[in-house]
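The values are calculated or read from the model by the stated rules, or taken from the named source; none is laboratory data. Everything numeric here is computed off the predicted structure, so don't read it as measured data. Because the Cβ atoms are built from the backbone with ideal geometry, glycine has one as well, and the counts that use them run over all protein chains shown. Ligands, DNA and RNA are excluded from the accessible area calculation, which covers all protein heavy atoms including side chains. Shrake-Rupley method; radii C 1.70, N 1.55, O 1.52, S 1.80 Å.
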Amino acid sequence: MKFKVFLITVFTVFSLLVGLIVPETASGQVVVIPRMGPRVATSDESVLSAQQGASQGIHVKGNDIPLDWTATDGAGFQWSFNRNGYAKRIGKNPYNNGLLLQINHNQFYVQDGKATISENKREIELGPWSYRNNNNQFTVYRRIYVDLQTGFARWIDIFENESGSEQTIKIQYRNNFRQNVQKIVVSSGKDKPTAADWSFVTEFSGKLSPVAHVYASPNSKVKPNIRGNKGSRNVEYQFTVKIPAGEARAICLYEAQRKTSAEALKFAKEFDIDADLATLSPKLRKIIVNMGYAETKVGSISFPRSRKCDIIVLKNEAEIIGTLEDEKYVVKADWGSAEVTPDRVVGMAVPSLTGERAWVVLNDGQVICGELQNKTVKIKTPTGKVVPIKLADIATISYRITKNRGVKIVNARPMVVLMSGEQLKFDPQSLPCEFLTEFCKIKLTPGDLDRIDLVTPKSSLHKAVLGNGSVITGLLLANPLELKLELGGKFSTNRHGVKQLLFAPVKSKNKSVITLTLRNGNTLKGWLDEKQKFTILKTGGEKVAITPADFKCLTRKRHYLDQAAITTRKGDIVEGKLENKTIGLKIADDTTLQVPYGNVRGMVYTPPAPKPAPKPAPKPKVTPKPDPLVEVSAPPVKPKMTKKELMEARAREVAKKKAMMAEEKTKAKKTAAANK
């Protein structure tokens with residue numbers, strides 16, 4: 001009896017765990033694309049368990065085979081690989097050796113001449129190969145996959161750092177071809193790769209196949225230095241990779257043979273890297289440094305993005321790619337409900353400890369936090385199936401990169417940033433911006449403000465930053481904050497729940513030419529009132545008045561509260577007691593601060609930059625008109641000679657030259673006879 005109870009308990013716990021890990025459709029079928037094997041999601045049979053995909057590691061599992069290994073890809077091209085893992089000459093391929101690998105100028109090779117082949121017979125792994133040199137201790141593996149559908153070969157080279165410190169290694173790949181490269185075309189259409197490129201095509205004369213080379217994803221931050229020119233047989237990549245102690249990094253490269261250069265260039269530009277990498281395990285995907293999704297980050301929320309597909313990342317790190325099908329998302333937040341359409345959504349995150357609460361990121365930078373009323377999210381896989389995924393199984397959701405949904409999200413303004421991570425657009429006129437400084441209380445207008453920071457490091461005070469760069473420390477008096485939101489409804493929150501208020505400042509017609517530095521480190525920028533004068537009492541009792549038009553610089557003397565030195569724009573320096581108790585500075589069109597002189601450290605006038613001189617208008621080209629009284633005749637056109645006439649003319653020229661030579665010889669003989 002106890003044994004039966006034990007079995008039931010184990011079965012129940014296992015069922016619960018599987019239910020948490022493996023998402024199911026309404027009919028109970030698991031719908032996550034596979035992480036290993038051939039390219040994914042071309043038939044319903046390729047739909048496998050997310051648990052199975054997430055559990056796979058970074059190495060190929062299978063049986064050993066002797067090398068060389070030969071395979072044919074989905075486009076009908078042959079590939080052959082030896083114990084070094086490079087592509088050999090076979091059929092019409094252009095290789096002598098393709099993607100020969102060197103680490104710190106040492107060539108990779110496998111001594112036993114064996115490789116591990118996957119169960120589907122489409123991928124092999126060579127290694128391990130150990131590299132030991134001084135403090136460098138690496139183990140290297142080469143995975144080579146030949147695709148049976150699109151038609152390409154993929155190399156994934158894994159470098160495991162076995163030393164106790166971070167290591168930097170130089171990795172070199174060399175393609176050596178059977179003929180000189182006749183032409184190189186890169187993905188941008190230019191002759192040489194630029195920082196924006198990720199692939200190129202090499203063309204050859206004769207019957208050799210043109211080849212597409214994909215060396216990085218378009219958004220990758222790690223791209224190689226490429227050496228290779230038209231007329232050369234070698235094209236080389238050089239990567240420099242840092243690997244932390246005890247960790248691994250990998251480089252992924254693609255080669256594709258095609259019948260024509262146009263087909264090869266199409267592959268180089270349009271190949272869906274994301275879809276292919278989705279067949280790999282999450283552990284392997286994470287260590288590939290030159291391939292990967294772009295990343296969108298808003299605050300503390302980040303998720304992967306692709307230009308080709310929408311992505312769902314599950315909590316077990318498996319990924320599902322396709323097209324999201326939901327028509328709307330309803331979020332029940334603490335301040336009310338918001339309904340948003342997919343064209344506004346960039347992505348969302350569902351942290352593990354928040355249940356069904358999600359952070360929904362919009363394309364204008366807004367972040368809504370609340371309970372997502374959509375209990376499932378529907379995605380159309382590449383097979384054409386529309387699959388519902390339970391929200392509880394999802395870690396992140398992201399829409400593909402478009403003009404409306406860029407990689408980098410620029411926050412729209414005005415925006416309130418809450419301590420919870422929410423970012424919400426609001427009507428600035430609904431917020432009273434009274435600010436208490438250490439010397440006065442001022443009323444700021446939203447058009448003058450750039451932002452107000454309510455959380456500042458090493459201080460419990462707030463910081464207001466104006467559009468002209470002025471910085472004022474103090475306290476925002478409004479509490480609680482009553483805000484009218486763009487998503488609808490009113491939002492009331494305690495001041496302590498707000499991290500930042502962002503505004504859309506309006507440019508002032510007056511340019512800030514005065515910079516006033518306060519003793520607390522604040523900086524005020526603006527302009528002086530024309531009626532204001534600075535009066536200095538010199539030591540001898542003489543009073544000197546300086547107008548704003550003559551003012552250039554004010555320096556406060558140390559240890560004297562009322563002493564100052566003012567430099568005029570002519571270069572004169574006036575020193576003495578400053579009788580002005582305050583300095584009036586206009587920091588905005590409607591805001592003037594009376595700053596006590598005791599709070600001032602210094603003040604400087606900066607002349608506005610001179611306007612560039614207008615460019616002279618180009619002189620119109622005058623075309624001389626022909627004189628009607630003067631006849632302009634075209635030069636006579638020589639008639640074309642026939643072939644016979646041309647031969648006769650050449651014969652006459654030859655005869656003329658012969659006669660001249662005979663005459664010169666006769667003259668020479670007569671001269672010689674006369675001399676005798």
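A few remarks follow.
- Other residues whose C-beta falls under 11 angstrom from the C-beta of Lys570 contribute a net charge of 0, scoring Lys and Arg +1 and Asp and Glu -1.
- For Asp73, the accessible area of its heavy atoms, probed at 1.4 Å with every protein chain present, is near 10 square angstrom.
- Environment charge of Ala196, counting only residues whose C-beta is closer than 10 Å and scoring Lys/Arg +1, Asp/Glu -1: +1
- Charge tally for Leu537 (other residues, Cβ to Cβ under 12 Å; Lys, Arg +1; Asp, Glu -1): -1.
- Global geometry of region 248-405, whether rounded, prolate or oblate, following the gyration tensor of its Cα atoms and the 1.5 cut on a/c: prolate
- Between Asn120 and Met660, the modelled label-to-label distance comes to 8.3 nm, taking each label 7 Å out from Cα in the direction of the beta carbon.
- Cα pair distances exceeding 26 angstrom across region 203-338, given as percent: 41 percent
- Going by accessible surface with a 1.4 Å probe and the largest first, Arg405, Arg400 read Arg400, Arg405.
- Here the relative contact order of the chain, from alpha carbon pairs under 8 Å that lie six or more residues apart, stands at 8 percent.
- Integer Hz, Karplus 6.51/-1.76/1.60 couplings in order for region 122-130, x for Gly and Pro: 10, 9, 10, 10, 9, x, x, 10, 9
- Of the cross-linked pairs Lys121/Lys308; Lys552/Lys577; Lys223/Lys380; Lys297/Lys378; Lys525/Lys581; Lys463/Lys507, those separated by over 26 Å at the C-alpha level are Lys121/Lys308; Lys223/Lys380.
- Gain on full extension, evaluated as 0.36 nm per residue between Lys557 and Ser188 minus their Cα-Cα distance, stands at 126.7 nm.
- The alpha carbon gyration tensor of region 52-121 gives principal lengths a ≥ b ≥ c with a/c of 1.5 or higher and a/b no greater than b/c, which makes the shape oblate.
- Residue-normalised accessible area of the chain, expressed per residue, 1.4 Å probe, Å²: 54 Å²
- Its Cα centre serving as origin, region 388-435 has a Cβ charge dipole (Lys and Arg +1, Asp and Glu -1) of approximately 420 debye.
- Each residue of the chain gets 488 Å³ once the volume of the Cα convex hull is shared out per residue.
- For region 413-492: Kirkwood Rh in Å [reciprocal of mean 1/r, alpha carbons]: 13.3 Å
- Computed FRET value (nearest 0.05) for Asn599 with Asp364, which takes r as the C-beta separation and R₀ as 41 Å: 0.55
- Label reach from Val506 (point 7 Å along Cα→C-beta): in region 447-490, amide nitrogens under 15 Å belong to 447-450, 467-468.
- FRET E, pair Asn479, Asn404, Förster distance 41 Å, beta-carbon r, rounded to 0.05: 0.65
- The apolar share of the surface of the chain, taken as the fraction of accessible area on carbon and sulfur atoms (1.4 Å probe, ligands and nucleic acids excluded), comes to 53 percent.
- For region 63-80, Karplus couplings with θ = phi - 60° (6.51, -1.76, 1.60), whole Hz, Gly/Pro x: 9, 7, 9, x, 9, 7, 10, 10, 8, 10, 8, x, 8, x, 9, 8, 9, 9
- Rg over Rh, two decimals, region 111-167 (C-alpha only, Kirkwood Rh): 1.10
- Within the chain, helices built from complete DSSP H runs that reach 18 Å or longer along their own axis (Cα positions) and carry a mean Kyte-Doolittle hydropathy of -0.5 or higher are 2-21.
- With both labels modelled 7 Å from their Cα along Cα-to-Cβ, the Gln107 to Val513 distance reads 7.4 nm.
- Efficiency of FRET between Lys61 and Arg89 - r from beta-carbon atoms, R0 41 angstrom, step 0.05: 0.85
- Debye, to nearest 20: dipole size of the chain, +1 on Lys, Arg Cβ, -1 on Asp, Glu Cβ: 3880 debye
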